[in-house]
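This report refers to the structure that appears directly beneath it.
The values are calculated or read from the model by the stated rules, or taken from the named source; none is laboratory data. Model, not experiment: these values are computed from the prediction. Note: ideal-geometry Cβ built from the backbone for every residue, glycine included; neighbour counts use all protein chains shown.
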């Protein structure tokens, strides 16, 4: 009985916060637009009883999903989002791993402070941090003024409103999500293993590749998923730092919703985005489970 | 997301003092669009707590209104959007008996706004302006020479000009409802056209200049122009004049000028209206009537450099507002403007798709 209750809580949680909103979005994606409040038809009318619900169900169709396949815009936006998310994830890993490694190898009494430094930026609003990048990267911004002041460049570098700025924004914003799981994995590692490897003839670099990296694999995988999944649907960073050419599904969704007032098509875009995301999430879950089994 | 929430200090204090009982009015207006001293004045005069939120695109406002239950008492959509929203049943008719300042309104503007809102039954004009070209005079002269066509759409729609201007930066409004009609005007076509062929020509024109546009955005250009980050913007008259004044205040040597395009300028009207489900329509009318007061309206225009539809306020306008033809165009210039109506859903989809293609290349 107690066991059933314990299991019921997370399932209720999922039901209320995931399944119900998903069903609402799915329902809208099967509707048609209308000039009304809310701007789609049909709406569910419970006052007519079963006949009303049946009539409602009959008016739903998959027209909006067919529409998405007819315009190359949508799949190209999905593809370009996947590409941007993948590249950002790799960059974040390249920046995050050395930081996590440095933290894990630092003397024990320093670690809490270093951890604090990684988490500290979260105390400032995410929006303010992205806006401050606009101030740093713009044509007359801090970076260009510095480089021009030092005489390194004559013309300002155009970074803001390009994909480069989007990568900088994503790497900066999601860096802690990469550092923390890798740090957690590295911190648990026994330093004696490295000594043993060196005793057996490994150079320090080979020991790093053969011992440290495999032992931090779980942390790397967790960090990559934590960066990749939110980066894929990212809207704020590309719309503030990106240029007109930055194509991401978050922006396409915004346009369907706001410019076309086409909630049904916007919902269809969102449903497909969710399906694309579910695959890495399932892989992530499996990975976690394997890890638990190995440890347990 | 791009809106920031403004809560005047007095409102916050009043909220704390009388959380549950105080009467409230919630206003949703464009960003950088009022003298904030007026908000405090309204609270002092009426004792109503004013909660003032801002947006920077009609699309955001419209989506909130169509979702229903926005919680706002007064909203300020642009004419063409208002027209469609009236059809969707978003607004309630104004109770003119509560609007004692109705006599202040300017018939010239009332006649034009009646094309969006017949008999002006649902809305009162807040401000109006034109969509035109803002330039950093020194930088544009440096790039294109002294004879640069700063008062012509050729500046932004001729690829030869844009190719040179891209180095110093060009922004355009992220508003297909404004930029597409401008492109059509440059081509000598009807800005209100719904013909697929004409729209395709506008698309081809926009595609030819898109590589040189740094960003399509509807509010960033104010700061970007003022800081000297960009040298040309297709934007709203008063916003560009605000950029001019911010640059002058900062004394950073940046000089900004605004010109309505000589080929014809889009004239738009931002209208105060009350949503059908407004929590406090009575206070909403009080707020609208307060703004319709000649001196209050003049204070707002003097602050934001936009013309208003209030005839009586003109006596209180500063000389650099009423006397500036970029704000109050001459009768001749006024005749050279056009009004843009809403698109039906099918054409809207074509225009949005065209716009996505212009912005992303796909």
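Is it fair to say residue A:103 is away from every other protein chain (no Cβ under 14 Å), buried (at least 19 other Cβ atoms within 10 Å of the Cβ) and not in a loop (DSSP other than H, G, I, E, B)?
Values: away from every other protein chain (no Cβ under 14 Å): yes; buried (at least 19 other Cβ atoms within 10 Å of the Cβ): yes; not in a loop (DSSP other than H, G, I, E, B): yes.
When the stated conditions are applied, residue A:103 passes them.
Here are A:80, A:138: which of them is under 18 Å from the mean Cα position of the chain (by Cα), over 25 Å from residue A:186 (Cβ atoms) and surrounded by 18 or more Cβ atoms within 10 Å (Cβ to Cβ)?
On the way: A:138 fails: under 18 Å from the mean Cα position of the chain (by Cα).
Just one listed residue meets the conditions, A:80.
Hey, residue B:357 hits all of (1) at positive phi; (2) within 11 Å of chain A (Cβ to nearest Cβ) but one; which does it fall short on?
(1)
So in the stretch A:132-148, with the set limited to residues that are out of contact with any helix residue (DSSP H, G or I) (no Cβ under 7 Å at 6 or more places or on another chain) and in a helix (DSSP H, G or I), which one is nearest to the other protein chains (Cβ to nearest Cβ)? Please lay out each step first, then the result.
Residues of the stretch A:132-148 that are out of contact with any helix residue (DSSP H, G or I) (no Cβ under 7 Å at 6 or more places or on another chain), as a first pass: A:132, A:138-139, A:144-148.
Still in the running and in a helix (DSSP H, G or I): A:132, A:144-148.
Details: A:132: 14, A:144: 10, A:145: 11, A:146: 16, A:147: 16, A:148: 13 Å.
Looking at the filtered set, the residue picked out is A:144.
Identify, please: which residue in the stretch B:56-93 is in contact with a helix residue (DSSP H, G or I) (Cβ under 7 Å, 6 or more places away or on another chain), in contact (Cβ under 8 Å) with a residue 24 or more places away in the chain and in a loop (DSSP other than H, G, I, E, B) and is, among those, surrounded by the fewest Cβ atoms within 10 Å (Cβ to Cβ)?
B:92
Would the stretch B:322-335 turn up any residue that is surrounded by fewer than 23 Cβ atoms within 10 Å (Cβ to Cβ), in contact (Cβ under 8 Å) with a residue 12 or more places away in the chain and over 20 Å from the mean Cα position of the chain (by Cα)?
No, there is no match, as no residue in the stretch B:322-335 is surrounded by fewer than 23 Cβ atoms within 10 Å (Cβ to Cβ), in contact (Cβ under 8 Å) with a residue 12 or more places away in the chain and over 20 Å from the mean Cα position of the chain (by Cα).
Each row is one residue, and each column tells you yes or no for (1) closer than 16 Å to residue A:88 by Cα; (2) more than 12 Å from chain B (Cβ to nearest Cβ); (3) over 17 Å from the mean Cα position of the chain (by Cα).
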| residue | (1), (2), (3) |
| --- | --- |
| A:237 | yes, no, no |
| A:244 | no, no, yes |
| A:249 | yes, no, no |
| A:256 | no, no, yes |
| A:261 | no, no, yes |
| A:268 | no, yes, yes |
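Out of curiosity, is residue B:351 touching a helix residue (DSSP H, G or I) at 6+ places or on another chain (Cβ under 7 Å) and either loosely packed, with under 15 Cβ neighbours inside 10 Å or away from chain A (no Cβ under 11 Å) (or both)? Even if it seems obvious, please write down each step before you answer.
Numbers: touching a helix residue (DSSP H, G or I) at 6+ places or on another chain (Cβ under 7 Å): yes; either loosely packed, with under 15 Cβ neighbours inside 10 Å or away from chain A (no Cβ under 11 Å) (or both): no.
When the stated conditions are applied, residue B:351 does not pass them.
(1) away from chain A (no Cβ under 14 Å); (2) in contact with a strand residue (DSSP E or B) (Cβ under 6 Å, 6 or more places away or on another chain); (3) at pLDDT below 95: which one isn't true of residue B:239, the others all being true?
(2)
Might you let me know whether the stretch A:149-158 holds any residue that is assigned by TED's automatic domain parsing to the domain that holds residue A:179 and within 18 Å of residue A:172 (Cβ to Cβ)?
Step one: list which residues in the stretch A:149-158 are assigned by TED's automatic domain parsing to the domain that holds residue A:179, which gives A:149-158.
After this cut, where a residue has to be within 18 Å of residue A:172 (Cβ to Cβ) as well, the list is A:157.
Scanning the stretch A:149-158, I find at least one residue that is assigned by TED's automatic domain parsing to the domain that holds residue A:179 and within 18 Å of residue A:172 (Cβ to Cβ), so the answer is yes.
Is there a residue in the stretch B:99-106 that is within 11 Å of chain A (Cβ to nearest Cβ) and either crowded, with 19+ Cβ neighbours inside 10 Å or without any contact (Cβ under 8 Å) to a residue 40 or more places away in the chain (or both)? Outline the logic, then answer.
Residues of the stretch B:99-106 that are within 11 Å of chain A (Cβ to nearest Cβ), as a first pass: none.
No, there is no match, as no residue in the stretch B:99-106 is within 11 Å of chain A (Cβ to nearest Cβ) and either crowded, with 19+ Cβ neighbours inside 10 Å or without any contact (Cβ under 8 Å) to a residue 40 or more places away in the chain (or both).
Would you mind stating whether residue B:279 is under 21 Å from residue B:114 (Cβ atoms) and not in a helix (DSSP H, G or I)? Working first, answer last.
On the way: under 21 Å from residue B:114 (Cβ atoms): no; not in a helix (DSSP H, G or I): yes.
So residue B:279 does not fit the description; no.
Determine which member of the set B:293, B:245, B:270 is in contact (Cβ under 8 Å) with a residue 60 or more places away in the chain, under 19 Å from the mean Cα position of the chain (by Cα) and surrounded by fewer than 23 Cβ atoms within 10 Å (Cβ to Cβ). Please lay out each step first, then the result.
Values: B:293 fails: under 19 Å from the mean Cα position of the chain (by Cα); B:270 fails: surrounded by fewer than 23 Cβ atoms within 10 Å (Cβ to Cβ).
The match here is B:245.
Which ones in the stretch B:299-320 are within 13 Å of residue B:106 (Cα to Cα) and part of a helix (DSSP H, G or I)?
First, pick out the residues of the stretch B:299-320 that are within 13 Å of residue B:106 (Cα to Cα): B:307-315.
Scanning the stretch B:299-320 gives B:312, B:313, B:314, B:315.
Which one of B:136, B:58, B:104 is outside the structural domain of residue B:244 (by TED's automatic domain parsing), at pLDDT 95 or above and in contact with a strand residue (DSSP E or B) (Cβ under 8 Å, 6 or more places away or on another chain)? Spell out how you get there, then give the answer.
On the way: B:136 fails: outside the structural domain of residue B:244 (by TED's automatic domain parsing); B:58 fails: at pLDDT 95 or above.
When all the criteria are applied, what remains is B:104.
Determine whether residue B:283 is more than 13 Å from every other protein chain (Cβ to nearest Cβ), in contact (Cβ under 8 Å) with a residue 60 or more places away in the chain and buried (at least 21 other Cβ atoms within 10 Å of the Cβ).
Numbers: more than 13 Å from every other protein chain (Cβ to nearest Cβ): yes; in contact (Cβ under 8 Å) with a residue 60 or more places away in the chain: yes; buried (at least 21 other Cβ atoms within 10 Å of the Cβ): yes.
In short, yes.
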